[in-house]
Amino acid sequence: MNTIIRSTARCLRAGAAAVYLPVRAGARVWSASPPRRLLCAAADLQKDLGAMVKKDKVVVFMKGTPAQPMCGFSNAVVQILRMHGVDQYAAYNVLDDGELREGVKVFSNWPTIPQVYFSGEFVGGCDILLQMHQNGDLVEELKKLGIHSALLNAEKESK
Amino acid sequence: MLPGVLRCARPAFTSLALNRPLAHFRPHMDPDSSRPVERAITTKLTAALKPDHLEVHNESHMHAVPPGSESHFRVLVVSSQFDGLPLIKRHRLVNEALKEELSGCVHALSIQAKTPEQWGSNPTLAKSPPCMGGSRGDHTVQEKLKAGRE
């Protein structure tokens, strides 16, 4: 929160404005208006991303929002998480902010969106999450985060 | 029995890819002068990963981009270089090989990275989720496509 306040103050001095917009359903959106930032803002964004990916157990950078994904691959990530009962997570909409969109690719050293983080660690994109879901690894990884997958309940009920 | 199982396991989409070119499947008939990005992806992945099996599918037609685009791809790479590597490291190897394309006109890249053993026990090409139109009106995609054409 402090880093966001600091970067907001810097941007206001520079004449632009950064706005932190909360979105309902457990998803938060970080957004910025007109792209007139100082060069140091790019380095600030990298620092902010470092904090953003650690603030929540599950963090997703996607196109659109969990309620309204704007991309099939981002939607697949949302659907997979939903199947496991993971509805409360931080979701950042890169379509709202071009600098965030490019900044997260640099931060993760990963060229595409969506991007998924578990406990501050980069997991991968849609393909990796899907394969983890199919081979059972996702249930295990969620367990390590202290999240009990809904699919385990479904398995128990069917036995 | 095994060949029959393999035939059932492989979706029709895979056999289409093996029977190039198909008039209704590709906008250009001459395979030599068109599809430069697809050829570059094939060349680079072959050189970098020495795959036992490689499929490069242009899926741009499934997305909200103009016909003939080379912006959305799905690749299937079967290579013993993936032995012992977690998925993320395998994908990073593919991304590294295609760094230029990914910073150019390739907007989306779906990757299946399997070892020869994994491919042998499950020779199926995954399907991409349906497009939700995010590329429509996305100016960065338009810029990438323009850059690709120049």
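The values are calculated or read from the model by the stated rules, or taken from the named source; none is laboratory data. Since this is a predicted model, take the numbers as computed values, not measurements. In this analysis, Cβ positions are derived from the backbone assuming ideal geometry, glycine residues included, and neighbour counts consider all displayed protein chains.
Does region A:66-81 hold any residues that are away from chain B (no Cβ under 12 Å) and either within 14 Å of residue A:116 (Cα to Cα) or modelled with pLDDT under 95 (or both), and which are they?
Selection gives A:66, A:81.
Would it be correct to say that residue B:70 is farther than 21 Å from residue A:124 by Cα and either touching a Ser or Thr at 6+ places or on another chain (Cβ under 9 Å) or away from chain A (no Cβ under 14 Å) (or both)?
In short, yes.
So, of the residues in region B:76-126 that are in contact with an Asp or Glu (Cβ under 6 Å, 6 or more places away or on another chain) and hydroxyl-bearing (Ser, Thr, Tyr), which turns out to be farthest from residue A:122 (Cα to Cα)?
B:115
If residue A:104 passes every condition in (1) within 13 Å of the chain's Cα centre (by Cα); (2) within 13 Å of chain B (Cβ to nearest Cβ); (3) assigned to a helix (DSSP H, G or I) but one, which one does it miss?
It fails just one condition, (2).
Looking at region B:97-113 only, could you name the residues that are within 10 Å of another protein chain (Cβ to nearest Cβ) and either basic (Lys, Arg) or in contact (Cβ under 8 Å) with a residue 24 or more places away in the chain (or both)?
The answer is B:98, B:99, B:101, B:106, B:107, B:108, B:109, B:110, B:111, B:112, B:113.
Is it fair to say residue A:85 is more than 11 Å from chain B (Cβ to nearest Cβ), of a type outside the set (D, E, K, R), farther than 19 Å from residue B:129 by Cα and outside any helix (DSSP H, G or I)?
Judged against the criteria, residue A:85 is a match.
Condition first: facing chain B (nearest Cβ under 9 Å) and either in contact with a Lys or Arg (Cβ under 6 Å, 6 or more places away or on another chain) or in a loop (DSSP other than H, G, I, E, B) (or both). Now tell me which residues in region A:90-101 satisfy that.
Result: A:95, single match.
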